[in-house]
Amino acid sequence: MDYESILKEIYSEVKPIISEGKLFSDIPALALVPINKFGMAIKTVQGEEFTIGDSNESFSIQSISKVFTLVMALKEWGDKLWKRVGRDPSGNAFNSLVQLEYERGIPRNPFINAGALVIVDCVISSKLDNAKNAVLETVRNLSGNHFLEFSNEVAISEKKTGFRNAALANFMKSFGNIHNDIDLLLDTYYHQCALMMSCVDLARAFIPLANGGVMLNPPKTILTRSQAKKINSLMLTCGLYNAVGDFAYRVGLPSKSGVGGGIVAVIPNILSVCVWSPGLDGFGNSLAGSLALELFTTKTGLSIF
Ligand code: DON
């Protein structure tokens, strides 16, 4: 497959819409990023890499981080997780509160904010007050980039405006579904969202999900094949929130987005791919990034279907 030419074609086709989306203004530090950025990186399970545009520039990974904490929690807690969080799409926005009361503090899935908070709570319970470092270490190991850092500026900015997340966390605590201190929980969650990574870092870090649970450099089993399948299935059904059905129709890949404008997708046994463009659509997903992935599966003929 000539991935290099395909990336060039995609870049020229998405260029006209790169600046059309909206920067995420709920987190003021994210609204300072230049909107005209676009990068894309592919890593195959054979270890080849192909890139275009701003693929080495770091951005705030935001909700993409929820996949990393899910990997950590699933390894540690196994099926016990599913007593505290569901596995179905929510049909609501990622930061919605409405379902939680009806469903007695059990979030629909691990990727909406409420579900991700429960997952972080599990990580804190196993790592105590070192959860933040444990997340950073995990992501450094998965990506092979030992210089990765949190952006304190983004974490602080989100803390100042994180009223909904504080509400979700407190509400779930009232149902007994958060076990640790709320300030520690939110601080850990804001930092994981404020991890700064490039498309290349993310494509590398997601390789175990494309490769039956095994990372490439160094070769190491991170998840069982079955756990990797489960996380991919959750990304397919819940990874893009209330846009997930439309995205699956257009792209046809397990994917996870973040309001920093990144989207990572996986083609099992073939490759992982990350795209970044900070202009978002009305659902909080990268506008040019979604189109780029749609063009990618159309042009390559690759998808899970
Ligand atoms: O908690 C929040 O709302 C943000 N830190 C993350 C949201 C997000 O990335 C949703 N993804 N599209």
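Read the figures in this text as sums done on the coordinates, not as results from a lab. None of the values given here were measured: they were computed from a predicted structure. Counting neighbours? That spans all protein chains shown, and the Cβs are built from the backbone with ideal geometry, glycine included.
Here the Karplus relation 6.51 cos²θ - 1.76 cosθ + 1.60, evaluated at θ = phi - 60°, turns the backbone of the stretch 224-235 into coupling constants of 6, 4, 5, 5, 4, 4, 5, 5, 4, 5, 5, 5 Hz, with x for every Gly and Pro. Counting neighbouring beta carbons within 10 Å and listing from fewest to most, the residues Glu49, Glu294 come out as Glu49, Glu294.
Of the residues Phe94, Phe171, the one with the fewest other Cβ atoms within 10 Å heads the list, and the complete ranking is Phe171, Phe94.
Test of understanding: ordering Leu7, Leu148, Leu168 by Cβ neighbours within 10 Å, fewest first, what list do you get?
Fewest to most other Cβ atoms nearby, the residues stand as Leu148, Leu7, Leu168.
Translational diffusion coefficient of the chain (Stokes-Einstein, Kirkwood radius from Cα pairs, 37 °C, 0.692 mPa s): 174 µm²/s.
Stretching the chain fully between Glu137 and Lys80 yields a gain of 18.1 nm (0.36 nm per residue, less the alpha carbon separation).
Remind me, relative contact order of the stretch 1-88 in percent, using alpha carbon pairs under 8 angstrom and six or more residues apart?
20 percent
For the chain, Cys122, Cys193, Cys238 stand unpaired, since no other cysteine beta carbon lies under 4.7 Å from theirs. With the charge dipole of the stretch 132-280 set up from +1 on Lys and Arg Cβ and -1 on Asp and Glu Cβ about the Cα centre, the Cα lying farthest toward the positive end among the listed residues Leu195, Ala265, Ala155 is that of Ala265.
What the phi angles of the stretch 240-256 give under the Karplus curve with 6.51, -1.76 and 1.60, with θ = phi - 60°, is a coupling list of 10, 6, 7, 10, 5, x, 4, 5, 4, 5, 7, 9, x, 9, x, 8, 9 Hz, glycine and proline written as x.
Sequentially through the stretch 69-74, phi angles give Karplus couplings (6.51, -1.76, 1.60; θ = phi - 60°) of 5, 5, 4, 4, 5, 5 Hz, Gly and Pro residues having no value and appearing as x.
Take every Cα pair under 8 Å in the chain that's 6+ residues apart, average their separations, divide by the length, and report that relative contact order as a whole percent.
28 percent.
When N counts the residues of the stretch 111-203, how does its alpha-carbon radius of gyration compare numerically with 2.2 N^0.38 Å, as a ratio?
Computed over Cα atoms of the stretch 111-203, the ratio equals 1.09.
Suppose every K and R has +1 on its Cβ and every D and E has -1 on its Cβ; what is the size of the dipole of the stretch 18-111 about the Cα centre, in Debye to the nearest 20?
420 debye
Averaging Cα coordinates gives a centre for the stretch 255-271 and one for the stretch 72-102; these two points are 20 Å apart.
Applying 1/(1 + (r/R0)^6) with R0 = 30 Å to the Cβ-Cβ distance of Asn170 and Asn56, what FRET efficiency is obtained, to the nearest 0.05? E(calc), rounded to 0.05, equals 0.15.
Given +1 on the Cβ of Lys and Arg, -1 on the Cβ of Asp and Glu, and no further charges, what dipole in debye does the chain carry about its Cα centre, rounded to the nearest 20?
Working: 28 positive and 28 negative charges, 161 e Å.
About 780 debye.
Pairs spanning more than 24 Å between alpha-carbon atoms, out of Lys127/Lys160; Lys83/Lys173; Lys66/Lys159; Lys256/Lys299; Lys159/Lys220; Lys43/Lys83: Lys127/Lys160; Lys159/Lys220; Lys43/Lys83.
Quantify how much of the Cα-Cα distance distribution of the stretch 97-148 extends past 16 Å, in percent. Percent of Cα pairs beyond 16 Å in the stretch 97-148: 54.
In a Debye calculation with equal point scatterers on the alpha-carbon sites of the stretch 153-305 and no solvent, what is log10 I(q)/I(0) at q = 0.15, 0.20, 0.21 Å⁻¹? Result of the Debye calculation: -0.90, -1.27, -1.31. For Phe59, the amide hydrogen comes within under 5 Å of the amide hydrogens of Met197, Ser198, counting only partners 5 or more places away or on other chains and with H modelled in the peptide plane.
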